[in-house]
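Trainee: The structure follows.
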Amino acid sequence: GAVVSQHPSWVICKSGTSVKIECRSLDFQATTMFWYRQFPKQSLMLMATSNEGSKATYEQGVEKDKFLINHASLTLSTLTVTSAHPEDSSFYICSAPYALLGYGYTFGSGTRLTVV
Amino acid sequence: AQTVTQSQPEMSVQEAETVTLSCTYDTSENNYYLFWYKQPPSRQMILVIRQEAYKQQNATENRFSVNFQKAAKSFSLKISDSQLGDTAMYFCAFTTQGGSEKLVFGKGTKLTVNP
């Protein structure tokens, strides 16, 4: 139980285009979704927190106009990287809290974005 | 602000031996949750073990166990009978209680299990 499906697993896009990453909770309702960015050999850096039906909360230093987050339903949250540039190339991971035999967090499998 | 510190960037262990990964944290909260996550080369985050701060008994999951010292704010992970598949990045993480609180991660420890 508590599975988050993240797509795509990898994507290559041209500089200036936009890319959308989807995270779907398959067997539970994800009222909250956390979006992380991870650079090679580093820890996860929280970018923003989305809550169903309301605006996302962005961490300091994260450009909200570049990283658009939508959480329109209890099972789907999306991250759109707008006008992507090579420096946006990274590994993006979503995560949702859940309560199943205790309290925890489940993670999507991640999306490797390469901007060329 | 809550912080999580993992002081061992890299560690290695021989197959079948035991290794301990250290983690300390800082918080003024009394109720919170602690986690160890494993990130293998596939980069999928996998929950290894979790501990509720109000529980005095140390959590155990098969070969994985923790030494939770609340007063010292320490949460180390012991891996017994290490296996090659244990090779991964290990992240210690902390959150206060509540359904929408974010996880605070340490910088991670890269563990290599040698044959």
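The values are calculated or read from the model by the stated rules, or taken from the named source; none is laboratory data. Keep in mind that what you see is a predicted model, and the values were worked out from it rather than measured. Here Cβ is always computed from backbone atoms with ideal geometry, including for glycine, and neighbour counts include all displayed protein chains. The protein model used for the area step is the full one, side chains on, heavy atoms only, and it has no ligands, DNA or RNA in it. Shrake-Rupley method; radii C 1.70, N 1.55, O 1.52, S 1.80 Å.
Trainee: Just to be sure before I move on: is residue B:72 of a type in the set (A, V, I, L, M, F, W, C), loosely packed, with under 13 Cβ neighbours inside 10 Å and on the phi < 0 side of the Ramachandran plot in the structure I sent?
Mentor: Considered against the rule, which asks whether it is of a type in the set (A, V, I, L, M, F, W, C), loosely packed, with under 13 Cβ neighbours inside 10 Å and on the phi < 0 side of the Ramachandran plot, residue B:72 comes out as yes.
Trainee: Now for a different question. Out of the stretch A:103-116, which residues are within 12 Å of chain B (Cβ to nearest Cβ) and either open to solvent by less than 30 Å² (accessible area, probe 1.4 Å) or over 30 Å from residue B:36 (Cβ atoms) (or both)?
Mentor: Those that are within 12 Å of chain B (Cβ to nearest Cβ) and either open to solvent by less than 30 Å² (accessible area, probe 1.4 Å) or over 30 Å from residue B:36 (Cβ atoms) (or both): A:103, A:104, A:105, A:106, A:107, A:108, A:110, A:111.
Trainee: Next up: Would a scan of the stretch B:25-48 turn up a residue that is over 20 Å from residue A:38 (Cβ atoms), in a strand (DSSP E or B) and among the β-branched types (Val, Ile, Thr)?
Mentor: No: the stretch B:25-48 contains no residue that is over 20 Å from residue A:38 (Cβ atoms), in a strand (DSSP E or B) and among the β-branched types (Val, Ile, Thr).
Trainee: Okay, moving on. Out of B:53, B:59, report the one residue that is modelled with pLDDT under 95 and not hydroxyl-bearing (Ser, Thr, Tyr). Spell out how you get there, then give the answer.
Mentor: Numbers: B:59 fails: modelled with pLDDT under 95.
Checking each option against the conditions leaves just B:53.
Trainee: Still on this structure, I have one more. Name the residues in the stretch B:26-58 that are surrounded by 13 or more Cβ atoms within 10 Å (Cβ to Cβ) and away from chain A (no Cβ under 14 Å), would you?
Mentor: B:27, B:58
Trainee: Taking residue B:107 and the conditions (1) in a loop (DSSP other than H, G, I, E, B); (2) away from chain A (no Cβ under 14 Å), which numbered condition does it fall short on, given that it satisfies the others?
Mentor: All conditions pass for residue B:107, except number (2).
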